[in-house]
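The values are calculated or read from the model by the stated rules, or taken from the named source; none is laboratory data. Since we're looking at a predicted model, the values are computed, not measured. For neighbour counting, all protein chains shown are included, and Cβ atoms are generated from backbone atoms with ideal geometry for every residue, glycine included.
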Amino acid sequence: MTTIQAVRDPKDDVLVRLARIEGQVRGIARMVEQDKYCIDVLTQVSAVNRALQGVALALLEEHMSHCVVDAARTGGPGQDTKLKEASAAIARLVRS
């Protein structure tokens, strides 16, 4: 039997992940309001940071696989611009 899996739009995946992160941030705010143990709060902050990095990488991958590839195929000044944008985005991610 063959299983058919629905292909989700990458944008939908990012939005789902961001909604989850939003919930995590609200949870951190509650922890602070309730004077939870600092190390537990910091652990949750670290988890949110990792989740945001995952979103950033997903967005970068999407940009590279579509915008940069399309610009490389068509050539011209747009190609250099897209490559410079991608390079700058990677540099920002590495620094964060």
Subject >> Unmet requirement for PRO77, which otherwise passes all of (1) touching a helix residue (DSSP H, G or I) at 6+ places or on another chain (Cβ under 8 Å); (2) at pLDDT below 95 >> reply: (1)
**OP:** Confirm whether ALA72 is among the small types (Gly, Ala, Ser), assigned to a helix (DSSP H, G or I) and at pLDDT below 90.
**Re:** yes
**OP:** Provide a single number: the residues in region 56-88 that are on the phi < 0 side of the Ramachandran plot, among the small types (Gly, Ala, Ser) and more than 19 Å from the chain's Cα centre (by Cα).
**Re:** 3
Subject >> Residues of region 25-55 that turn out to be over 23 Å from ALA89 (Cβ atoms) and without any contact (Cβ under 8 Å) to a residue 12 or more places away in the chain, as a count >> reply: 14
Subject >> Of all residues making up region 24-45, the number that are part of a helix (DSSP H, G or I) and of a type in the set (Ser, Thr, Tyr) >> reply: 1
**OP:** Go through region 22-39 and give me each residue that's surrounded by 11 or more Cβ atoms within 10 Å (Cβ to Cβ) and acidic (Asp, Glu).
**Re:** GLU22
Subject >> Unique match (being at pLDDT below 95 and under 30 Å from SER65 (Cα atoms)) among ARG8, ARG20 >> reply: ARG8
